[in-house]
1. I'm trying to understand the selection: among the residues of segment 125-138, which are surrounded by fewer than 16 Cβ atoms within 10 Å (Cβ to Cβ) and either without any contact (Cβ under 8 Å) to a residue 24 or more places away in the chain or more than 24 Å from ILE230 (Cβ to Cβ) (or both)?
2. Being closer than 24 Å to HIS405 by Cα, surrounded by 18 or more Cβ atoms within 10 Å (Cβ to Cβ) and not assigned by TED's automatic domain parsing to the domain that holds GLY438 narrows it down to one of SER58, SER80, so name that one.
3. Inspect all residues belonging to segment 204-222 and state whether any of them is under 23 Å from LYS314 (Cα atoms) and of a type in the set (A, V, I, L, M, F, W, C).
4. Quick one: how many residues across segment 39-78 are within 24 Å of LEU101 (Cα to Cα) and of a type outside the set (Val, Ile, Thr)?
5. Just give me the residues in segment 226-246 being out of contact with any helix residue (DSSP H, G or I) (no Cβ under 6 Å at 6 or more places or on another chain) and more than 14 Å from LEU276 (Cβ to Cβ), in sequence order.
6. For segment 1-118, which fully contained helices (runs of 4 or more DSSP H) count at least 2 residues that are closer than 26 Å to LYS236 by Cα and at pLDDT 95 or above?
7. Please find, among SER291, SER217, SER242, the residue that is outside the structural domain of TRP157 (by TED's automatic domain parsing), surrounded by fewer than 19 Cβ atoms within 10 Å (Cβ to Cβ) and of a type in the set (Gly, Ala, Ser).
8. Identify, from the list LEU301, LEU312, the residue that is surrounded by 21 or more Cβ atoms within 10 Å (Cβ to Cβ), in contact (Cβ under 8 Å) with a residue 40 or more places away in the chain and more than 27 Å from PRO437 (Cα to Cα).
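The values are calculated or read from the model by the stated rules, or taken from the named source; none is laboratory data. The structure displayed is predicted, hence computed values, not measured ones. FYI the Cβ positions are ideal-geometry reconstructions off the backbone, even for glycines, and counts take in every protein chain you see.
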Amino acid sequence: MDSMVNHYTAAKKIRRDDAYTPGNVAGKRPNRAVIAYTAAVKGAFKGLPTVIGGIEASLRRLAHYDYWSDKVRRSVLVDSKADLLLYGMAEHTILELARRLAAGEEISAIKDLRGTAVLDNIEPKNAVELPSFAEVSKNLDAYNRMFKLASEQQNPWSGKPLIQAYGNRTLVVNPPSLPLSEAELDRIYALPFTRQPHPSYTETIPAFEQIRNSITSHRGCFGGCAFCAITHHQGKTIQSRSEQSILQEIDRLSAENSFHGTLSDVGGPTANMYGLGCSNPAAEKSCRRDSCLYPRPCKNLRSDDKRAVRLLGKIRKRDRVKNVFVASGIRYDLLQFQQQYFDDLLQHHVGGLLKVAPESTSDRVTDVMRKPGAKLFSDFLDKFRQRSRQLGLRQTIVPYLISGHPGCELSDMVDVALYLKHHQLQVEQVQDFTPTPGSLSTCIYHTGKDPFTGEPLHVPRASKEKRLQKALLLYHKSESKADVLEALRLCGRQGIAAELLEKRPARATKNEHRTEAAKSSRLRHRSRKNR
């Protein structure tokens, strides 16, 4: 986990706990841990070459906007003074690096390894030149240009090296490593992992307890959500394990004394992407789409559910397994092509609550997020409720929503609150948008523009606006009432206060909802003209 996300809330307040530390104790690791630990290693082992990696280094491989210092920082390779940076999951890269070092090659001579970033004075052939650090640290348009150019080279088969000037030195980011094959991924999971924390830890680690009985079935995500950096780390290509590999791990896990019959999760970044991918290998190797689903599903996307359905069915039949839950994220826009998976999910793999992530129900905002809009979520919600009733199951949707996301104005959030009320949905927790390195949303937050279209976008920065947006999503809580009323006043929509704040579910018709949304749109247009 990125150390700054680990230490600070979206409001930049120090967290009081740390689920990744024994005893849930905060403050056990330093800020910007990669830089701090590299300095410690260099101090202890003079002259020893150092290699950095992991998600913190991976997403900071280029110049990047840093939310916590509110400035553009250099590549972490420059700031840490390491010899080599490995980005992504890096298994191929680690093995090839080890082989070349074992063969006697100096680390300073290893400049062309896929999935690495190095500092060099020689530019590789066919490299794409990014705006220099001096430019992107001062010029917002240069930063947007850097992000766009770098995003176009993410394809591991056709991506070109990236170069970025840092004074008289050049940062070279080589193309990403190729995705692992099924056999290669199986080999990794066949290694003799203990599945236990380090034996020196004596206190409970909350994050470990949450995942100790879970199974990773695949990696990668082709969703392309703007606020998520998984694609920049794990890649867009879905890399799935074989059924045999997964079942063997389940058998090993279920033989442990600590296992009591329940698998808490079988999934990956997106659970229902297991076994999916591109049906056109030639097109895949030249593809530049960030998402296979947005703005509409790609014609080459293989979206059937056969492998996932077969896998879950076999897991349910294992002798020691009593319950199998799917707690990883679900893409409901994929479920429309996966009817059997949808049915099995509802019948066997939902523990009463199904977590899905519409993130917003305002179409203007979901467009910025690169997510499906309100209609698709409404259709999914109706099908979920109808099918649960048919099955005689009392099950509920828990929607994940983001407040304060770039592109979201206060009146958009009023519309979202109305949507939640009309559809009888309540959220207990809201994620306040945190700009993390590597994501499109963070780029928009910093520059105020979409780097691909140049469109200016509203960015909620003021603490008051962020507080009011969050309160609207929690409209049903008594402590939110004052902020909700203030938000409605600022939007000129005091007339809906009773409807939104009354305890019984709203009974507004779809036409009334459309009329209110149209009024909201006119008010937004008027406020922009006044600005």
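1. LYS125, ASN126, GLU129, ALA134, LYS138
2. SER58
3. Taking every residue of segment 204-222 in turn, at least one turns out to be under 23 Å from LYS314 (Cα atoms) and of a type in the set (A, V, I, L, M, F, W, C).
4. 16
5. CYS228, ALA229, ILE230, THR231, HIS232, GLN234, GLN244, ILE246
6. Here the list reads 3-7, 54-58, 76-80, 91-102.
7. Sole residue among the options that is outside the structural domain of TRP157 (by TED's automatic domain parsing), surrounded by fewer than 19 Cβ atoms within 10 Å (Cβ to Cβ) and of a type in the set (Gly, Ala, Ser): SER242.
8. Going through LEU301, LEU312 in turn, just one is surrounded by 21 or more Cβ atoms within 10 Å (Cβ to Cβ), in contact (Cβ under 8 Å) with a residue 40 or more places away in the chain and more than 27 Å from PRO437 (Cα to Cα): LEU312.
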